[in-house]
Every structure is written in C-alpha cells, then in structure tokens.
Amino acid sequence: MAENLDLEVPGSKCYGDAVSNCAIYGRLYDWETAMKLPGCNSTSCASKINANHQGICPDGWHIPSNADWDKLMRYADGTSGTESPYMSFTAGRYLKAASGWNNGGNGEDTYGFSALPGGYGYYSGGYFYDVGYGGSWWSSSEGNSDLAYTRSMYYDEGAYYYYYDDKGYLYSVRCLQD
C-alpha cells in the first residue's frame, strides 16, 4: 500500500481525534485492533497469528511481519542479510514521502512507499504525539504478551528503526498484498 490505512473500525483513532488528520495520515490502531485479535493487547496470541495475517487489511492483503519489513528495508538500502528484525540507517530517506514531514524531514520517496509522519497515541489516555515529526507502523510479529514489533521513522534522520512496543499504543498500519 502506498498510504497508511484509513479504515474506521472500533478502536481506531484519528490523531488528536481530528477527522482531518485521518484524511492525511490514515488512522491509528492499537495492536489487537490492527491484528483483529480481541484481547491480545495483554496476552500472547502467537498461536492465533497466521502467516500473512490479514488483520484489518482488505481481502488479499496482510499486516507485514518482521520478515516482510526486513525485505523492504534491505531492498531500500541495497543490502542483504538474514538478521531479523533488521534496522536500516538509510532506508527511511528512500521511503519517506517527498513532502509532509516537518523541519526539512522529507524523503526521496524513491519507491512510492510515501511514508507520512502520522505520529502515535495511547488509547487509554487519549494522548497523541509527534504528528509531522515521526511515524510508526505495526508488524504482525509479537515480542511477548504485552509487546509487538513496530517500524518507525523520524523527521531528523534517514534511518528506519524497529522496536517492540506496548500493544496499547496507537500506530499506523500498512497492508502488504498477498
């Protein structure tokens, strides 16, 4: 997908609760909502995660796994290897949209990925952070009962990081065609 998912489902939010932000950045989702696995934000659901796990993606699409994100990072930065999850110090430059990032943080959008800085939030508190400055996307790969892997980019560098974050955070979703 060349844009962040903007599917309104229970548990999804627009940054700052402003619908205008959904039109630009797509919606933000906690992990169990993205994965369509109720009750999995505080419980391990590894046994319920399928290869090419569809989650809330349309038919024929799936939430990218760590392996899927790794392939994209290596393709964008022109490297090879097997380390997973993989962090690239240059892929962000090639994957960020050519406009829409604050403080000169735009990328080259070399591959049409058009990553926009949708920020993030925390569902239970209604707090939102970093729109225009950073973007994070869910992976279908679980870290443990409370954590799942994400990929993140920031305005002030060309890196593309991986983290494993609290499943209750609200992050963007990209879908990958099967």
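Values in this text are rule-based calculations from the coordinates and carry no lab data. Because the structure is predicted, anything quoted here is derived from the model rather than measured. Using ideal geometry, Cβ is built from the backbone for each residue, glycine included, and neighbour counts are taken over all protein chains shown.
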Would you call residue 126 without any contact (Cβ under 8 Å) to a residue 24 or more places away in the chain and surrounded by fewer than 22 Cβ atoms within 10 Å (Cβ to Cβ)? no
Mind listing whichever residues of the stretch 121-178 are β-branched (Val, Ile, Thr) and over 16 Å from residue 64 (Cα atoms)? 131
Condition set aliphatic (A, V, I, L, M) and within 18 Å of the chain's Cα centre (by Cα), scope the stretch 22-49, selection surrounded by the fewest Cβ atoms within 10 Å (Cβ to Cβ): answer is 23
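Out of the residues in the stretch 70-99 meeting the condition of being buried (at least 19 other Cβ atoms within 10 Å of the Cβ), of a type outside the set (D, E, K, R) and out of contact with any Lys or Arg (no Cβ under 9 Å at 6 or more places or on another chain), tell me which one is nearest to residue 6 (Cα to Cα). Break it down stepwise before answering.
Of the stretch 70-99, the ones buried (at least 19 other Cβ atoms within 10 Å of the Cβ) are 70, 72-73, 76-77, 85-86, 88, 91-97.
Then keep just the ones that are of a type outside the set (D, E, K, R); that gives 72-73, 76, 85-86, 88, 91-92, 94-95, 97.
From what's left, out of contact with any Lys or Arg (no Cβ under 9 Å at 6 or more places or on another chain): 92, 94-95, 97.
On the way: 92: 22, 94: 23, 95: 19, 97: 17 Å.
Going through the qualifying residues, I end up with 97.
If you take the residues of the stretch 113-133 that are part of a loop (DSSP other than H, G, I, E, B) and of a type in the set (A, V, I, L, M, F, W, C), which of them is farthest from residue 30 (Cα to Cα)?
Looking at residues that are part of a loop (DSSP other than H, G, I, E, B) and of a type in the set (A, V, I, L, M, F, W, C), I get 113.
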